[in-house]
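K.L.:
My structure is below; once you've seen it, I'll send some questions.
The values are calculated or read from the model by the stated rules, or taken from the named source; none is laboratory data. From a predicted model like this one, the values you see are computed outputs, not experimental measurements. Cβ coordinates were reconstructed from backbone atoms using ideal geometry, including for glycine residues, and neighbour counts include every protein chain displayed. Accessible surface areas use protein heavy atoms only, side chains included; no ligands, DNA or RNA. Shrake-Rupley method; radii C 1.70, N 1.55, O 1.52, S 1.80 Å.
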Amino acid sequence: MLDCRKIIHIDMDAFYASVEQRDAPELIGQAVIVGGKPRGRGVVAACSYEARKFGVHSAMPSAEAYRRCPQAIFIRPRFEAYQAVSQQIQRIFLEYTDVVEPLSLDEAYLDVTNTTLMGGSALRIAQDIRRVILQRTQLVASAGISYNKFLAKIASDIDKPNGCRCILPSEGPAFVRELPVKRFHGIGKATEARMHALGIETGEDLRKWTLEELQREFGKSAHYYYHVSRGVDERPVRVERTRKSIGNERTFGENLSSHAQMLEVITGLSDQLMDKLESRSFVASTLNLKLRYADFTTLTRAHKVQRGVFTKETAKRTLPFLLQRALSVPPQRGLPHVRLLGVSFSGLTPADEDRPEQLDMPFNDP
Ligand SMILES: [Mg+2]
């Protein structure tokens, strides 16, 4: 049977800003902008609904946001707090189904086709998830329910904030027919502009094109456009295999620009993690470095040892190269000031597992 699945898309409302308002009640009802400084060169990472009324939105330069909404309260993001909530909501999802695909810290697809809870009603499950999220995190989530990912994601956005919308299989095709292409998930600004130039404004317009015609214009993506414009999307909800890793990161009060300081921080983090691994009798084959610039551009670089595992020494020799590689990509806006550094080890295996002798590996990365 085609497309009789039950998919829920859960999306927290104004996530970062809502966490800030929760943790500092004096911010409730205020225009809150997370990320950037009013006169700085950063960008808005998130903003409260009160700020959105003034035309502020995420990814907008903070100077522009300040111009539109000078009374806004600018707040430095606390990713640790957002991460903690993210873990809480992921745990809630798993109480309803094993088939969960996280899209970001505050968003996920759930396939509840085979869930018997709540009489198997996807709508009731979605309502219950929203209730439990509110109860445990004091935060509001919106939900979209439909028979595929494309429609579930669009549905969660319709009645935001605090929305819960279902698009039934009988309603799907008619719903997409009227939908402007800019609301299609997966159609970015550039594609939207090309579609407009071709006279394609809505799902209905898209449906007038044959698959071959769309392929000529849009190549590989044509298949997706062709099908979703008919309300069809067979992409499965993909369960990410939980990768075994251990990591730690630091956000700086004052952004760093000195290589020596950065190196000191990541070496410290790496040493701590190695101690932790050793105390748990684990070894790691991959070292990952994460770097976030003041404009929130985030980069990760990894090195996997081909044979053997990392030691404190090999990690110490690897980190300067990873840092160099990360810093070779400058931020999109502003100066190359670093606001966060993180180190993690993955490819973990028990230290006593039968594997090659721990080698002091020669390190050949450029
Ligand atoms: Mg969200």
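K.L.:
Can Leu134 be described as in the same structural domain as Cys4 (by TED's automatic domain parsing), within 16 Å of the ligand (Cβ to nearest atom), over 30 Å from Lys220 (Cα atoms) and free of Cβ contacts under 8 Å to residues at least 12 places away in the same chain?
P.N.:
Spelling it out, Leu134 is indeed in the same structural domain as Cys4 (by TED's automatic domain parsing), within 16 Å of the ligand (Cβ to nearest atom), over 30 Å from Lys220 (Cα atoms) and free of Cβ contacts under 8 Å to residues at least 12 places away in the same chain.
K.L.:
Could you check region 1-77 for strands (runs of 3 or more DSSP E) lying wholly inside it with 1 or more residues that are closer than 23 Å to Ala152 by Cβ?
P.N.:
Correct list: 7-12.
Okay, residues lined up against (1) within 15 Å of the ligand (Cβ to nearest atom); (2) without any contact (Cβ under 8 Å) to a residue 60 or more places away in the chain:
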site: Arg5; (1), (2): no, no
site: His9; (1), (2): yes, no
site: Ala17; (1), (2): yes, yes
site: Arg41; (1), (2): no, no
site: Val44; (1), (2): yes, yes
site: Glu64; (1), (2): no, yes
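K.L.:
Checking the conditions here, which among Ala155, Ala190 is assigned to a helix (DSSP H, G or I), under 27 Å from the mean Cα position of the chain (by Cα) and surrounded by fewer than 15 Cβ atoms within 10 Å (Cβ to Cβ)?
P.N.:
Selected residue: Ala190, the only one of Ala155, Ala190 that is assigned to a helix (DSSP H, G or I), under 27 Å from the mean Cα position of the chain (by Cα) and surrounded by fewer than 15 Cβ atoms within 10 Å (Cβ to Cβ).
K.L.:
Let me ask something else. Find the residue count for region 91-100, including only residues that are within 16 Å of the ligand (Cβ to nearest atom) and either open to solvent by 40 Å² or more (accessible area, probe 1.4 Å) or over 15 Å from Val237 (Cα atoms) (or both).
P.N.:
1
The rows are residues; the columns are (1) closer than 28 Å to Gln90 by Cβ; (2) of a type outside the set (A, V, I, L, M, F, W, C).
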{"position": "Ser146", "(1), (2)": "yes, yes"}
{"position": "Pro161", "(1), (2)": "yes, yes"}
{"position": "Cys166", "(1), (2)": "yes, no"}
{"position": "His185", "(1), (2)": "yes, yes"}
{"position": "Ala197", "(1), (2)": "no, no"}
{"position": "Thr202", "(1), (2)": "no, yes"}
{"position": "Phe218", "(1), (2)": "no, no"}
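K.L.:
Answer yes or no as to whether Gly120 is farther than 23 Å from Ser48 by Cβ and either surrounded by 13 or more Cβ atoms within 10 Å (Cβ to Cβ) or without any contact (Cβ under 8 Å) to a residue 40 or more places away in the chain (or both).
P.N.:
In short, yes.
K.L.:
Looking at Pro236 and the list (1) open to solvent by 50 Å² or more (accessible area, probe 1.4 Å); (2) farther than 30 Å from Gln90 by Cβ; (3) touching a residue at least 40 places away in the same chain (Cβ under 8 Å); (4) not basic (Lys, Arg), which single condition is not satisfied?
P.N.:
(2)
K.L.:
Okay, next question. Quick one: count up the residues across region 276-297 that are open to solvent by 60 Å² or more (accessible area, probe 1.4 Å) and either assigned to a strand (DSSP E or B) or at pLDDT 90 or above (or both).
P.N.:
Summing the residues that are open to solvent by 60 Å² or more (accessible area, probe 1.4 Å) and either assigned to a strand (DSSP E or B) or at pLDDT 90 or above (or both) in region 276-297 gives 1.
K.L.:
Within region 21-37, how many residues are out of contact with any helix residue (DSSP H, G or I) (no Cβ under 6 Å at 6 or more places or on another chain), over 22 Å from Asp128 (Cβ atoms) and within 16 Å of the ligand (Cβ to nearest atom)?
P.N.:
1
K.L.:
Separate question: Considering each of Arg238, Arg250, Arg207 in turn, give the residue that is at pLDDT 95 or above and out of contact with any Cys (no Cβ under 6 Å at 6 or more places or on another chain).
P.N.:
None of the other options fit; the residue is Arg207.
K.L.:
Further, regarding this structure: Please go through region 202-233 and pick out each residue that is open to solvent by 50 Å² or more (accessible area, probe 1.4 Å), under 16 Å from Pro173 (Cα atoms) and either in contact with a Pro (Cβ under 7 Å, 6 or more places away or on another chain) or assigned to a loop (DSSP other than H, G, I, E, B) (or both).
P.N.:
Lys208, Trp209, Arg230 - these are the residues of region 202-233 that are open to solvent by 50 Å² or more (accessible area, probe 1.4 Å), under 16 Å from Pro173 (Cα atoms) and either in contact with a Pro (Cβ under 7 Å, 6 or more places away or on another chain) or assigned to a loop (DSSP other than H, G, I, E, B) (or both).
K.L.:
Among the candidates Gly172, Gly253, Gly247, Gly163, single out the residue that is out of contact with any Leu (no Cβ under 9 Å at 6 or more places or on another chain) and either more than 18 Å from Asp11 (Cβ to Cβ) or exposed (fewer than 14 other Cβ atoms within 10 Å of the Cβ) (or both).
P.N.:
That would be Gly253, the only listed residue that is out of contact with any Leu (no Cβ under 9 Å at 6 or more places or on another chain) and either more than 18 Å from Asp11 (Cβ to Cβ) or exposed (fewer than 14 other Cβ atoms within 10 Å of the Cβ) (or both).
K.L.:
Looking only at region 101-121, which residues are part of a strand (DSSP E or B) and away from the ligand (no atom under 16 Å from the Cβ)?
P.N.:
Asp111
K.L.:
Here is a follow-up. Is it true that Tyr82 is among the aromatic types (Phe, Trp, Tyr) and outside any loop (DSSP other than H, G, I, E, B)?
P.N.:
yes
K.L.:
Let me ask something else about it. Condition test on Ser270, is it open to solvent by 60 Å² or more (accessible area, probe 1.4 Å), on the phi < 0 side of the Ramachandran plot and touching a strand residue (DSSP E or B) at 6+ places or on another chain (Cβ under 8 Å)?
P.N.:
It is false that Ser270 is open to solvent by 60 Å² or more (accessible area, probe 1.4 Å), on the phi < 0 side of the Ramachandran plot and touching a strand residue (DSSP E or B) at 6+ places or on another chain (Cβ under 8 Å).
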